[in-house]
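The values are calculated or read from the model by the stated rules, or taken from the named source; none is laboratory data. Just so we're clear, the structure is a prediction, and the values are computed from it rather than from any experiment. Cβ atoms come from the backbone with ideal geometry, glycine included; neighbour counts cover every protein chain shown.
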Amino acid sequence: MADRGASATGDYPFRFFSPEQIDQILREGVKRGRAGSHAAIERILKHEPGLARANLWQRIRRLKQASNGKPYQRTIWSSDDDQILQKGYEAGWKGKREAICRLLKHHPDWRPHVIWHHARKSGLVQRPSKRGQERARLAWTEEDNRMLLDLAGYKSVRVIAKVLHRSEAAIRYHLTTLGVSSRVHVEGFARTALASELHISTGAIQRFIVEGLLEVRDPRITRESLDRLRQSGWLRAIQSKNICPTPNASQAPQKYPVTSPAKPSRGKRVWAEVAASLEVSVKTVEMLIARGVLKFYDPTITENSLRHFCRHHGSFIENDYLNQETRAWLKSSMDWVPTSGEAESRRLAALRKHAGIVRRCVQCRRPVRGNAFFRHIKRCDRVRLER
């Protein structure tokens, strides 16, 4: 190893291989990838145990750099070259091109990016400053902190960055230093989470939405669910026999005889348009929504509708099934009245009788309330068998 990379081996006296032979073995090993490099190093160390493994890896990197082409050479700019470049950039786009071509003609070993980089370092390239960029490195003032705390949680980081003329990374970092999360608070509740908190089945939650007792954020029907309904053949059966077939036994609705509110929900008008396009009745569309055949664009339940439900239909929520934290949250934040709407909820007494029984799973020892226990044990057995 006669070049500058030979210093990696020091003055080690080679006993079996010559430096040229070691380079050849390493080159052949590099061609076979990582495993070939390891094999080449092991072969050399077997006959030359005094060599260091790290020095051989360093030599491999040297050989790779030599195979990629000529090493980097620093360009030396003369005063004439700087004057040509400066006059070209001052003359505009055409003068810039002529100056670069002239420099490349005088220095054939140069590349255009070398000239561009030198012009940028010399200050010849005037980049337009972005809006508000002058505030990017300024200290945070009390007014900035006040605006940031007012917008945090309600506006995204991108919007806050535009308002305060800062980068998104700076907004996230400063919120962390203030102990505030950058996550946007989305108003509403997921159906599954709400059903778990209130100990009401998801089918009942869906029926409340259909009846207008609860409202979702976007009650429009998705195009995918409509296309799936048309392709399945159920729509043809509904139109011909005026019935609503059950697509799946697990999607069979629970018949909750609730009373619709006096004021129709926002989804009624949308569902009427869907019924007209499908040439079926509105009741049929509502039944398909209750069974989960038709999906909403945004099924998140709004906070205002839940508060209205707790005020006027609070008896649908069984007080004995709630824990102390949920009960306090409903009374303080949702204005829950446990005795409101007793006439409608009294009809559900027979259907909700199963919820009073709590069973414990033998496999995971988890307590499950009501008939959901039988669905849980099937899923729990399946998970145990898969493991």
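A quick yes/no check of all residues on (1) among the acidic types (Asp, Glu); (2) within 30 Å of Arg120 (Cβ to Cβ); (3) surrounded by 17 or more Cβ atoms within 10 Å (Cβ to Cβ):
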site: Ser18; (1), (2), (3): no, no, no
site: Asp23; (1), (2), (3): yes, no, yes
site: Gly29; (1), (2), (3): no, no, yes
site: Gly36; (1), (2), (3): no, no, no
site: His47; (1), (2), (3): no, no, no
site: Ile76; (1), (2), (3): no, yes, no
site: Gly88; (1), (2), (3): no, yes, yes
site: Glu98; (1), (2), (3): yes, yes, no
site: Lys105; (1), (2), (3): no, yes, no
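Inspect segment 265-275 for any residue being in the same structural domain as Ala237 (by TED's automatic domain parsing), modelled with pLDDT under 85 and assigned to a loop (DSSP other than H, G, I, E, B) and give the result as yes or no.
Checking segment 265-275: at least one residue is in the same structural domain as Ala237 (by TED's automatic domain parsing), modelled with pLDDT under 85 and assigned to a loop (DSSP other than H, G, I, E, B).
Restricting to segment 265-307, and then to whatever is small (Gly, Ala, Ser) and more than 31 Å from the chain's Cα centre (by Cα), can you tell me which residue is surrounded by the most Cβ atoms within 10 Å (Cβ to Cβ)? Steps first, please.
Taking segment 265-307 and keeping what is small (Gly, Ala, Ser), we get 265, 267, 272, 275-277, 281, 290, 292, 305.
Add one more test, that the residue is more than 31 Å from the chain's Cα centre (by Cα), and what stays is 265, 272, 275-277, 281.
Values: Ser265: 20, Ala272: 14, Ala275: 17, Ala276: 12, Ser277: 11, Ser281: 15.
Checked segment 265-307; the qualifying residue surrounded by the most Cβ atoms within 10 Å (Cβ to Cβ) is Ser265.
Name the single residue, out of those in segment 190-207 being without any contact (Cβ under 8 Å) to a residue 24 or more places away in the chain, surrounded by fewer than 17 Cβ atoms within 10 Å (Cβ to Cβ) and over 18 Å from Met287 (Cβ atoms), that is farthest from the chain's Cα centre (by Cα).
Selected residue: Ser196.
Give the residue, chosen from Ala169, Ala161, Ala190, Ala195, that is more than 23 Å from Val293 (Cβ to Cβ), of a type outside the set (Val, Ile, Thr) and in contact with a Ser or Thr (Cβ under 7 Å, 6 or more places away or on another chain). Break it down into steps so the answer makes sense when it comes.
On the way: Ala169 fails: in contact with a Ser or Thr (Cβ under 7 Å, 6 or more places away or on another chain); Ala190 fails: more than 23 Å from Val293 (Cβ to Cβ); Ala195 fails: more than 23 Å from Val293 (Cβ to Cβ).
On inspection, the qualifying residue turns out to be Ala161.
Could you list, in sequence order, all residues of segment 140-186 that are in a loop (DSSP other than H, G, I, E, B), at pLDDT 85 or above and either hydroxyl-bearing (Ser, Thr, Tyr) or on the phi < 0 side of the Ramachandran plot (or both)? Before the answer, list the steps.
Taking segment 140-186 as the starting set, the residues that turn out to be in a loop (DSSP other than H, G, I, E, B) are 140-141, 153-154, 156, 165-167, 179-186.
Subset that is at pLDDT 85 or above: 140-141, 165-167.
Within segment 140-186, Trp140, Thr141, Arg166, Ser167 qualify.
Given the condition without any contact (Cβ under 8 Å) to a residue 40 or more places away in the chain, assigned by TED's automatic domain parsing to the domain that holds Met334 and either polar (S, T, N, Q) or under 18 Å from Asn371 (Cα atoms) (or both), answer yes or no: does some residue in segment 160-175 qualify?
Looking for residues that are without any contact (Cβ under 8 Å) to a residue 40 or more places away in the chain, assigned by TED's automatic domain parsing to the domain that holds Met334 and either polar (S, T, N, Q) or under 18 Å from Asn371 (Cα atoms) (or both), one finds none in segment 160-175, hence no.
Mind checking which helices (runs of 4 or more DSSP H) fall wholly inside segment 311-387 and carry at least 3 residues that are at pLDDT below 75 and not acidic (Asp, Glu)?
Values: elements: 324-333, 342-345, 372-386.
Once the helices (runs of 4 or more DSSP H) in segment 311-387 are filtered for at least 3 residues that are at pLDDT below 75 and not acidic (Asp, Glu), what remains is 372-386.
Of the numbered conditions (1) surrounded by fewer than 17 Cβ atoms within 10 Å (Cβ to Cβ); (2) modelled with pLDDT under 85; (3) not in a helix (DSSP H, G or I), Arg220 satisfies every one except a single condition; which is it?
(2)
Kindly check whether there is at least one residue in segment 334-346 that is assigned by TED's automatic domain parsing to the domain that holds Ser201, within 16 Å of Leu194 (Cβ to Cβ), without any contact (Cβ under 8 Å) to a residue 60 or more places away in the chain and out of contact with any helix residue (DSSP H, G or I) (no Cβ under 6 Å at 6 or more places or on another chain).
No, there is no match, as no residue in segment 334-346 is assigned by TED's automatic domain parsing to the domain that holds Ser201, within 16 Å of Leu194 (Cβ to Cβ), without any contact (Cβ under 8 Å) to a residue 60 or more places away in the chain and out of contact with any helix residue (DSSP H, G or I) (no Cβ under 6 Å at 6 or more places or on another chain).
Need pairs with beta-carbon distance below 9 Å; first residue under 10 Å from Ala119 (Cβ atoms) and within segment 82-102, second part of a helix (DSSP H, G or I) and among the hydroxyl-bearing types (Ser, Thr, Tyr); sequence gap 6+ or separate chains.
Lys96/Tyr89; Ala99/Tyr89
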